[in-house]
Amino acid sequence: MSIRESTVDDFESIRDVHLDAFGEVDGAAVSKLAVDLLTDETAKPLLSLVADAESRIIGSIIFTTARVQGREGKIAYILAPLAVATDFQRKGIGRALIEHGLQMLSGKGADLVFVLGDPKYYRRYGFSHNHRVLPPYQLEYPRAWMALELKRGALEAVSGQIACADALSAPEHW
């Protein structure tokens with residue numbers, strides 16, 4: 001398996017991996033979100049990585065630009081969505097995509113990364129719900145809204161509401 005930045009030629013495969021990973025119920029919405037983010041000018045700069053194996057894309061992760069209103073000096077991203085093809089799940093591919101992406105963002109000077117996801121899963125990577133940055137909408141499970149400092153102390157003085165890419169700002173994604 002190798003991890004690389006995605007290209008325009010990968011968009012259909014990225015859509016397919018999200019459809020597969022999220023199934024019939026959520027797959028259509030998540031796969032549409034992934035492709036919409038890749039073409040959304042308000043999401044840029046973004047980082048889109050794919051995992052390749054057996055001559056096909058088996059995983060995808062997208063980090064899009066975000067900003068905490070009133071704290072524009074901080075470089076922030078939102079991790080969404082992440083998908084691994086069902087026949088490759090539980091093999092460390094999601095972990096590899098997350099860790100590779102966080103390392104690349106850190107190298108680009110990013111301060112913070114936010115995610116809305118399973119706390120048990122994302123805590124493994126250092127994400128925590130102990131912060132004062134609000135999501136765009138009220139959440140049914142507020143502890144699922146987590147942040148990770150890529151620079152020590154980046155969250156200490158940060159509070160306010162997050163603003164994200166247009167494609168991600170629809171209430172159904174929250």
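The values are calculated or read from the model by the stated rules, or taken from the named source; none is laboratory data. What you see is a predicted model, and the numbers here were worked out from it, not measured in a lab. Backbone-built Cβ (ideal geometry, glycine too); neighbour counts: all protein chains shown.
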Got a number for residues in the range 1-14 being over 15 Å from the mean Cα position of the chain (by Cα) and either small (Gly, Ala, Ser) or part of a helix (DSSP H, G or I) (or both)?
7
Quick one: which of ARG90, ARG95 is under 18 Å from GLY117 (Cα atoms), part of a loop (DSSP other than H, G, I, E, B) and without any contact (Cβ under 8 Å) to a residue 40 or more places away in the chain?
ARG90
Residues of the range 118-147 being hydrophobic (A, V, I, L, M, F, W, C) and within 16 Å of the chain's Cα centre (by Cα), in sequence order, are PHE127, ALA144, TRP145, MET146, ALA147
Tell me which residues, restricted to the range 119-169, are acidic (Asp, Glu), surrounded by fewer than 16 Cβ atoms within 10 Å (Cβ to Cβ) and in contact (Cβ under 8 Å) with a residue 12 or more places away in the chain.
ASP166
Among the residues of the range 34-50, is there at least one that is within 16 Å of the chain's Cα centre (by Cα), under 20 Å from GLY117 (Cβ atoms) and modelled with pLDDT under 95?
yes
For the range 55-69, check the following and say yes or no: at least one residue is at pLDDT below 95 and aliphatic (A, V, I, L, M).
yes
Would you check which residues across the range 156-167 are aliphatic (A, V, I, L, M) and within 15 Å of GLN69 (Cβ to Cβ) and list them?
ALA157, VAL158, ILE162, ALA163, ALA165
Of the residues that make up the range 61-84, is at least one more than 24 Å from GLN161 (Cβ to Cβ) and in contact (Cβ under 8 Å) with a residue 60 or more places away in the chain?
yes
